[in-house]
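The values are calculated or read from the model by the stated rules, or taken from the named source; none is laboratory data. Small disclaimer: the values here were computed from a predicted structure and weren't measured. All Cβ positions, even for glycine, are placed from backbone atoms using ideal geometry, and neighbour counts span all protein chains on display.
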Amino acid sequence: MRPFYLAFLLLAPAPAFAYLDPGTGSLLLYAIVGIATTAAFALRNLWYWARGRVSLAGAAAVSSRLPDVVFHSEGGKYWQVFKPALDALLAEGVECAYVSADPADPGLAYRASGLRGLRPGGEAATIAWMNAARAALVVSTTPHLDVYMLRRSRGVRRYAHLFHAPTDLCFYEKYAFDWYDCLLTVGPFQEKSVRELERRRGTAEKALLPTGCCYFDYMLDELGRAPAPGRGKEPVLLYAPAWGVRSSVLSHGAAIIDGLVDSGFRVLFRPHPQFYVSHKPIIAELERRFSGSSLVEIDRNRTGIASMSRSDAMVTDLSGVIFDYACLFGRPILLANAEASPAGQEGEDLPGPLWDVESALSLAAARLGPDPGEVGTLARAALSRGGDSALASRRFREEQFYNFGAAGAAAARNIISILGGAA
């Protein structure tokens, strides 16, 4: 039906009891629903715009008094990334602001000379506030600057990205870092990927500043302060599955936990934190099933350092926790699921093989096949070759990562060089 005829049907007066054929009735219904949906979205956008204007007005007053360096946190789970860099900057006399929407973020309660904690409001209000901030430098772990909600503020001279995980770019959504000015890189593998994406897309070269992974500093400090874990007679296996399509829990359910328990292991079950957001019914069922077990312990601590320290080996999927465990402890790793597609992600535009996949396979003492019942046998074989895992992990750490255990100081030096115009 032509648009002008549909408009005529909508606007022209119709006689009472007029016959309306089914096709025309459907078109009228679609039109009404479309108008209502458009109006709903318009009202929602108006609401966000109004909230943003209020936040922007507050930001204009507050941001004029901000320090040169503003750290933008997505929430408390990123405090372990920021703290080593913040401490090193404060020790150099560089004042900083720490901005987070999360009321439970430890950074907001952290007290140190030269540090100012700010919570402009909820997530939407904080993003609007950041989009109007005024500072010499914003440091963030948030990807997709100027792609999604976090936009470049005209009052900020430079934006730097601090990586929250010791992984490559391949499993970030596309254009994750294209519009940052500086990247505080974890290792040379990231720099290779960044330059390749810049070449393919014709984007300007960013400043790449060798830094390392700051949360390794945090975890080493936490590990040094923790009492030595007690050792029982039974070996302890940490099962740390990923979330989403890579998760072995989605493909095997509780079979890996059952297989380890049946083989005489005690199990520490620590799923990825996002599991509690994206797979709530599944995790609720697993917690219900194992809550009374004396052989299975569920770890929901903010960091995994305690569980990693207590374990003799780890079973996991393709995830950044592989590199945490290898670099910090050098104990055997069993890879339950190494399948991952980079479709729609940065890896789609990078030549293979993908660094994350190749590195995980090189660090794994064994790889679990389609039968999860084999996990106990594979774990015992891997434990018998623990020395091989320790040697491979140490070599990997030295070759792949910058400034292991001293990344916070390196980040501070790099941030100071950005402020001085050297980067």
**Within segment 359-377, considering residues that are surrounded by 14 or more Cβ atoms within 10 Å (Cβ to Cβ) and of a type outside the set (Gly, Ala, Ser), the one nearest to Gly264 (Cα to Cα)** = Val375
**Cβ pairs under 7 Å, 6+ apart, first in segment 96-120 and free of Cβ contacts under 8 Å to residues at least 60 places away in the same chain and within 19 Å of Ala133 (Cα to Cα), second surrounded by fewer than 21 Cβ atoms within 10 Å (Cβ to Cβ) and acidic (Asp, Glu)** = Ala101/Glu123; Gly114/Glu95
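Let's see how each residue does on (1) touching a helix residue (DSSP H, G or I) at 6+ places or on another chain (Cβ under 7 Å); (2) at pLDDT below 90; (3) closer than 19 Å to Ser307 by Cα:
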residue	(1), (2), (3)
Ile322	yes, no, yes
Val357	no, no, no
Leu361	no, no, no
Ala366	yes, no, no
Gly373	yes, no, no
Ala409	yes, no, no
Leu419	no, no, no
Ala422	no, yes, no
**Complete:** Quick count over segment 328-377, residues being under 29 Å from Cys214 (Cβ atoms), among the small types (Gly, Ala, Ser) and within 20 Å of the chain's Cα centre (by Cα), is 6
**Message:** Tally up the residues in segment 298-314 that are touching a Ser or Thr at 6+ places or on another chain (Cβ under 8 Å) and under 15 Å from Ile256 (Cβ atoms), please.
**Reply:** 1
**Prompt:** Is it the case that Val267 is assigned to a strand (DSSP E or B), of a type in the set (A, V, I, L, M, F, W, C) and either under 19 Å from Ala381 (Cα atoms) or in contact with a Gly (Cβ under 8 Å, 6 or more places away or on another chain) (or both)?
**Reply:** yes
**Asked** Does any residue of segment 201-214 turn out to be within 30 Å of His279 (Cβ to Cβ), in contact with a Gly (Cβ under 6 Å, 6 or more places away or on another chain), at pLDDT 95 or above and crowded, with 19+ Cβ neighbours inside 10 Å?
**Response** yes
**Item:** Enumeration of residues in segment 240-257 that are surrounded by fewer than 19 Cβ atoms within 10 Å (Cβ to Cβ) and not in a loop (DSSP other than H, G, I, E, B)
**Value:** Gly244, Val245, Leu250, Ser251, Ala255
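Here's a check for you: in segment 272-296, which residue that is part of a loop (DSSP other than H, G, I, E, B) and in contact with a Phe, Trp or Tyr (Cβ under 7 Å, 6 or more places away or on another chain) is surrounded by the fewest Cβ atoms within 10 Å (Cβ to Cβ)?
Gln274
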**Condition met for Ala176 (part of a loop (DSSP other than H, G, I, E, B), within 22 Å of Val99 (Cα to Cα) and in contact with a Pro (Cβ under 7 Å, 6 or more places away or on another chain))** = yes
**Message:** Quick test for you: out of Phe216, Phe189, pick the one residue that is in contact with a Cys (Cβ under 9 Å, 6 or more places away or on another chain), within 24 Å of Ala326 (Cβ to Cβ) and part of a helix (DSSP H, G or I).
**Reply:** Phe216
**Asked** Taking only pairs six or more apart or across chains, which ones have beta-carbon atoms under 7 Å, a first residue in segment 189-203 that is within 15 Å of Ala176 (Cβ to Cβ), and a second residue that is assigned to a helix (DSSP H, G or I) and modelled with pLDDT of 95 or more?
**Response** Leu197/Glu346; Leu197/Asp349; Arg200/Asp349
**Message:** Tell me the residue from Asp221, Asp217 that is surrounded by 22 or more Cβ atoms within 10 Å (Cβ to Cβ) and of a type outside the set (A, V, I, L, M), please.
**Reply:** Asp217
**Asked** Taking segment 360-393 as the region of interest, how many residues are in contact with a Gly (Cβ under 6 Å, 6 or more places away or on another chain) and not small (Gly, Ala, Ser)?
**Response** 2
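Is segment 113-126 home to any residue that is in the same structural domain as Thr185 (by TED's automatic domain parsing), under 19 Å from Leu209 (Cα atoms) and in contact with a Lys or Arg (Cβ under 7 Å, 6 or more places away or on another chain)?
Taking every residue of segment 113-126 in turn, none turns out to be in the same structural domain as Thr185 (by TED's automatic domain parsing), under 19 Å from Leu209 (Cα atoms) and in contact with a Lys or Arg (Cβ under 7 Å, 6 or more places away or on another chain).
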